[in-house]
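Presented below is the structure to which this report refers.
The values are calculated or read from the model by the stated rules, or taken from the named source; none is laboratory data. The model shown is predicted, which means the values in this text are computed figures rather than measured ones. Backbone-built Cβ (ideal geometry, glycine too); neighbour counts: all protein chains shown. These accessible areas exclude ligands, DNA and RNA; they are computed on the full protein's heavy atoms, side chains included. Shrake-Rupley method; radii C 1.70, N 1.55, O 1.52, S 1.80 Å.
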Amino acid sequence: IEVNGSANVIVIYKDEVGLFKKTDVTSDDVSNDVPEFEITTDLDDLNLIAGRIDSEILEDLENSKFVQEIRLDYPIHAFLSTAVNVVNSSGVNRLKVDGVNITGIDQTVCIIDSGVDYTLSALGGGFGSGFRVVSGFDFVNSDNNPMDDHGHGTHVAGIVGSSNTVVGVAPNVTITAVKILDNNGGGNTSNLLSGLQWCIDNKAQFNISVISMSLGCGSFSNYCDTSTDCNSDLIAAKVNDAVSKNISVIAATGNSGSTTSIASPACITNVTAVGATNKNDGFYSD
């Protein structure tokens, strides 16, 4: 705030207030107490709201009896990997279980990224019921159209499920696209939390069995479930909720060239962390 004049923050409010007579706290209490704080994210199960503040709003939040903690809403960014040929996905396409090819049929992957260009024929050529990209949400623009304006999410979706000239790992999979990264490939942890919640809330409707995240923040040399850096503890709570509902959660490690650390959310215990190699099967250090 001192440098830029404002900052994105996460505000964690108290469960209850009062000494002798306890009163439950809601996000409305914070909003009414500090009306100039414009809430952009509201996750009541984590007692969490988010928004952008200046120094005056910060002081008001610090003085609010309803506020327990104020954190930076850490920025996150896209992690880009190489093509499906590097992972020999064609070998997976030929595998069978009980005589049935493993192609992703009847399964849905929830891709949390920069959106998906669902107009591409390789990804079904449309959006909504009857198409392969069956649903989604745009948390950047707050609408129901998760069109990719960066390209990264579409790249990830292609690796997962392209069914055209380059065949993805699961060419018959259904996709839900959750856009949390902007046209520069940047975002924040509050939208990541909202994206995870969307995937969890829509599991039953779309049979979501996998969450994919090729994005992250920071660098960790051990499990980060309890770390407040990059708000990893809050993300871990959402990941654990997803896993408890039989959703596998996958995240890129970061590809930063480190041999001793990975980014969040890949460092969370219940996340399957995935690294990358280059086209020569060597260590990827972009």
**OP:** Please enumerate the residues belonging to segment 27-49 that are over 24 Å from GLN197 (Cα atoms) and surrounded by 15 or more Cβ atoms within 10 Å (Cβ to Cβ).
**Re:** ASP33, VAL34
Subject >> Residue tally, condition under 18 Å from ASN231 (Cβ atoms) and small (Gly, Ala, Ser), over segment 253-272 >> reply: 5
**OP:** Considering only segment 159-173, state which residues are open to solvent by 40 Å² or more (accessible area, probe 1.4 Å) and either assigned to a strand (DSSP E or B) or farther than 12 Å from ILE102 by Cβ (or both).
**Re:** SER163, ASN164, THR165, VAL166, VAL167
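Table: residues versus (1) at pLDDT below 95; (2) over 21 Å from LYS179 (Cα atoms).
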| residue | (1), (2) |
| --- | --- |
| THR228 | no, yes |
| VAL239 | no, no |
| ALA242 | no, no |
| LYS245 | no, yes |
| ALA252 | yes, no |
| THR259 | yes, yes |
| PRO265 | no, no |
**OP:** State whether the residues of segment 194-212 include one that is closer than 15 Å to TYR74 by Cβ, of a type in the set (Val, Ile, Thr) and within 15 Å of the chain's Cα centre (by Cα).
**Re:** no
Original post:
Do we have any residue at all in segment 187-201 that's crowded, with 19+ Cβ neighbours inside 10 Å, closer than 16 Å to GLY151 by Cα and modelled with pLDDT of 95 or more?
Top reply: yes
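Rundown of residues vs (1) modelled with pLDDT under 95; (2) surrounded by 15 or more Cβ atoms within 10 Å (Cβ to Cβ), yes/no style:
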position: CYS224; (1), (2): no, yes
position: VAL249; (1), (2): no, yes
position: VAL274; (1), (2): yes, yes
position: ASN278; (1), (2): yes, no
**OP:** For SER219, state whether it is on the phi < 0 side of the Ramachandran plot, surrounded by 16 or more Cβ atoms within 10 Å (Cβ to Cβ) and not in a strand (DSSP E or B).
**Re:** no
**OP:** Filter segment 132-158 down to residues that are farther than 22 Å from HIS77 by Cβ and touching a residue at least 40 places away in the same chain (Cβ under 8 Å) and give me whichever is least open to solvent (accessible area, probe 1.4 Å).
**Re:** VAL133
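Quick grid of which residues meet (1) without any contact (Cβ under 8 Å) to a residue 60 or more places away in the chain; (2) open to solvent by 70 Å² or more (accessible area, probe 1.4 Å); (3) farther than 23 Å from GLN197 by Cα:
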site	(1), (2), (3)
ASN4	yes, yes, yes
VAL25	yes, no, no
GLY51	yes, no, no
ASP54	yes, no, yes
LEU61	yes, no, yes
TYR74	no, no, no
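Going by the structure shown, is SER129 at pLDDT 95 or above, open to solvent by 60 Å² or more (accessible area, probe 1.4 Å), of a type in the set (Gly, Ala, Ser) and not in a helix (DSSP H, G or I)?
Details: at pLDDT 95 or above: yes; open to solvent by 60 Å² or more (accessible area, probe 1.4 Å): yes; of a type in the set (Gly, Ala, Ser): yes; not in a helix (DSSP H, G or I): yes.
Taking the combined requirement at face value, the residue satisfies it.
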Subject >> Filter result for the condition that a residue is at negative phi, at pLDDT 90 or above and out of contact with any helix residue (DSSP H, G or I) (no Cβ under 6 Å at 6 or more places or on another chain), over VAL156, VAL100, VAL173 >> reply: VAL156
